[in-house]
Amino acid sequence: MRKRMSDRIDPEIAGPFKAQQSMGGGPLDLHDIQAARAAADRMMSAMKERQPEIKGVNAIDNLVPGPADAPDVAVRIYRPEKHHGLLPALLWIHGGGYMFGSIEHEDMLAKQLAIAADCVVMSVEYRLAPECPFPGPVEDCYAALMWLAAHTKELEVDPARIAIGGASAGGGLAAGLALLARDHKEVNVIFQLLIYPMLDDCNTAPAGANLPDTLLWRREDNFIGWQSYLGCKPGGKGVSPYASAFRAADLTGLPPAYITVGEIDLFRNESVLYAQRLIEACVPTDLHVYAGAFHAFDGIAPEASVSRRFTADYQQALKHALHR
């Protein structure tokens, strides 16, 4: 007999998940995007208040030139205080279903990455859908990447050691950005860190008796997110691989990838299949699937053993890729 989704959760993260649900921290209502954004802001603020302050990282805000005929792009640049001289860099892209999220939401994570990987982190405030659908968000990320590559001297960044990464929709944008950078041949990206990435616009079938719904990020949410980002019904013909990286016919020549996802995450299958296709294209690829873990579980229960392993694993992979 098939287990219910809620019965498959790792016991250590089940309690925090239920507590969050009982306090009204359930799935956001994406039919009202402004209310959903406000709710996400409140949720992230509450989570940030529960975490200890992260010291030892300097952060500055900046505006960089945006794509042609588009606004400047806000970025926040983090650098570990104890390090001087050249450091590798990570361009970090926040999640939020392409519709919400911000560099402020990712502030603590960016600081953690800067310390754990001994690197400069530049976090990107790309324009959000549905107000700005594809290609705006990925073009904002590309503009930020180009600026980073052009200003490595003043940022004290090693121009030969630039990586990109993101979580959820940010992971999807990072995967699309890797394809864009490969094809434009203007910046050499050495690594892509894809954390439970949102890769496949065709993964929008409604939940049913033979297709269970998932936790935190549901099938309906995924449909709304993709429709908002693409500006049309997802799953149809003509979708660019820069929007939905899973669509790419050719994955050769991409930078090495680290892909990590939970076993009961909606994005599990597309993550596993994308990793398999990267391997078949001779792209060095690490894939990690965590049993009993749902989407964004590490934010709900950061102290759980599975969350600690998950975080330590991808941080170590990033450090290794940047410093080897």
The stretch 162-233 and the stretch 252-286 have their Cα centres apart by a whole-number Å value of 12 Å
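How far, in nm, would the chain grow between K55 and L211 when pulled straight, counting 0.36 nm per residue and subtracting the alpha carbon separation?
Computed gain between K55 and L211 is 51.7 nm.
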Taking 0.36 nm per residue of separation between S305 and D183 and subtracting their Cα-Cα distance, the length gained on full extension comes to 39.9 nm
Distance between modelled label sites at H84 and H323, nm, 7 Å Cα→Cβ extension = 1.9 nm
Carbon and sulfur: what percent of the chain's accessible surface (1.4 Å probe)?
-> 54 percent
Out of residues 5 or more away from L91 or on other chains, whose amide H comes under 5 Å of its own, with H placed 1.01 Å from N in the peptide plane?
-> M122, A163, I164, G165
Zero-based 20 Å bins, Cα pair distances in the chain, whole percents = 34, 61, 5, 0
Please work out the average accessible area per residue across the chain, using the 1.4 Å probe convention, and give it in Å².
-> 44 Å²
Bins of 5 Å from zero: percent of alpha-carbon pairs in the stretch 1-120 | 2, 9, 14, 15, 17, 15, 12, 8, 5, 2, 1, 0
If amide H atoms are modeled at 1.01 Å from N in the peptide plane, then the residues at a separation of 5 or more from Y290, or on another chain, having amide H under 5 Å from its own are V261, G262, E263
Simple spin-label estimate for A291 and D72 in nanometres, 7 Å along Cα-Cβ = 5.2 nm
Can you tell me the Rg and Dmax of the stretch 209-265, counting just the alpha carbons, in angstroms?
-> 14.0, 41
List the trypsin sites (Lys or Arg not before Pro) within the stretch 25-63 that fall in a DSSP loop (any state other than H, G, I, E or B) and whose Cβ has at most 14 other Cβ atoms within 10 Å.
-> K55
Please give every one of the aspartates and glutamates within straight-line cross-link reach of K111, meaning a C-alpha to C-alpha distance under 13 Å, and leave out same-chain neighbours fewer than 8 residues apart.
-> E53, E81
Taking GluC sites (Glu not before Pro) as exposed when DSSP calls them loop (any state but H, G, I, E, B) and at most 16 other Cβ atoms lie within 10 Å, what is the longest stretch of the chain free of them, the sites themselves excluded?
-> 187-262
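The values are calculated or read from the model by the stated rules, or taken from the named source; none is laboratory data. Just so it is clear, the model here is predicted, and its values are computed rather than measured. Neighbour counts run over all protein chains shown; Cβ positions are idealised from the backbone, glycine included. Surface accessibility is based on the protein's heavy atoms, side chains included, excluding ligands, DNA and RNA. Shrake-Rupley method; radii C 1.70, N 1.55, O 1.52, S 1.80 Å.
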